[in-house]
Amino acid sequence: MTALLSDARNFRQVDERLLTAGQPNEAQLADAARQGVQVVVNLALHNDPRYSLADEAGCVRGLGMDYVHIPVQFKAPTEENLRAFIAAMDMHKGKKILEFDFAGATAHHMLLLLEHIRVTVAQHGRESLVTFADFTGAEIDRTVATRIKEVLTLDRPFVKKTAWLGTESIPHALLESFHNFSQREIATFTSREEALDWLLEE
């Protein structure tokens, strides 16, 4: 399995912001993330294994990229398909959203993910990122809570806005301690759509 995005079928770099290709595999999506790709827009149907992965949305989001699916019948594309694609491009124009998926993570995995986040965020420019994290079902013990505070503080120079999902099981006092320790504003939401809409607001 080739690991380079450039080896994907019909790969083409349109400009410095836009890449296009046929269906990439998981390794090629990982290469896209390493290259700084922030959003994946999938125009293919999901009822044909030639044009889809088993869990493409989960794979893309797990790599820290946003995922938009606009299923198009390639033999009969519609004006609605075009409008949806234009809207997706406009929504993400000039935006960098880095997504962290902690959902269901054990305390051990949380620590590994937090270290990966610390390294990844530090590779970006100052105040260049907005970040989204899903904590649904994550295990947060005392060691993890301490590390979250540390990573939030270290990430502060690089992040403009932060939205969290799935915090209902996190005690309010602990959420407040994250804010007070890191001196960062952390907005919490009950739906992914609301969180992303808020992040994309000017």
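The values are calculated or read from the model by the stated rules, or taken from the named source; none is laboratory data. What you see is a predicted model; the values in this text were computed from it and never measured. Note: ideal-geometry Cβ built from the backbone for every residue, glycine included; neighbour counts use all protein chains shown.
Taken over the stretch 7-52, the criterion of being at pLDDT 75 or above, among the acidic types (Asp, Glu) and farther than 18 Å from residue 63 by Cα is satisfied by 7 alone.
Here residue 146 fulfils each of the conditions (1) touching a residue at least 12 places away in the same chain (Cβ under 8 Å); (2) on the phi < 0 side of the Ramachandran plot apart from (1).
All conditions but one from (1) in contact with a Leu (Cβ under 8 Å, 6 or more places away or on another chain); (2) under 18 Å from residue 200 (Cβ atoms); (3) at pLDDT 80 or above apply to residue 96; the one that does not is (3).
The condition (being in the same structural domain as residue 143 (by TED's automatic domain parsing) and modelled with pLDDT of 85 or more) is satisfied by just one residue among 109, 69: 109.
On the phi > 0 side of the Ramachandran plot and outside the structural domain of residue 58 (by TED's automatic domain parsing): is that true of residue 127 in this structure? Yes: the conditions hold for residue 127. Within the stretch 125-143, the set of residues being in contact with a Gly (Cβ under 8 Å, 6 or more places away or on another chain) and either crowded, with 18+ Cβ neighbours inside 10 Å or hydroxyl-bearing (Ser, Thr, Tyr) (or both) comprises 134, 135, 136, 138. Of the residues 153, 146, 167, the single one that is buried (at least 17 other Cβ atoms within 10 Å of the Cβ) and of a type in the set (Ser, Thr, Tyr) is 167.
Residue 179 meets all of the listed conditions (1) over 28 Å from residue 88 (Cβ atoms); (2) in contact with a strand residue (DSSP E or B) (Cβ under 6 Å, 6 or more places away or on another chain) but one, namely (2).
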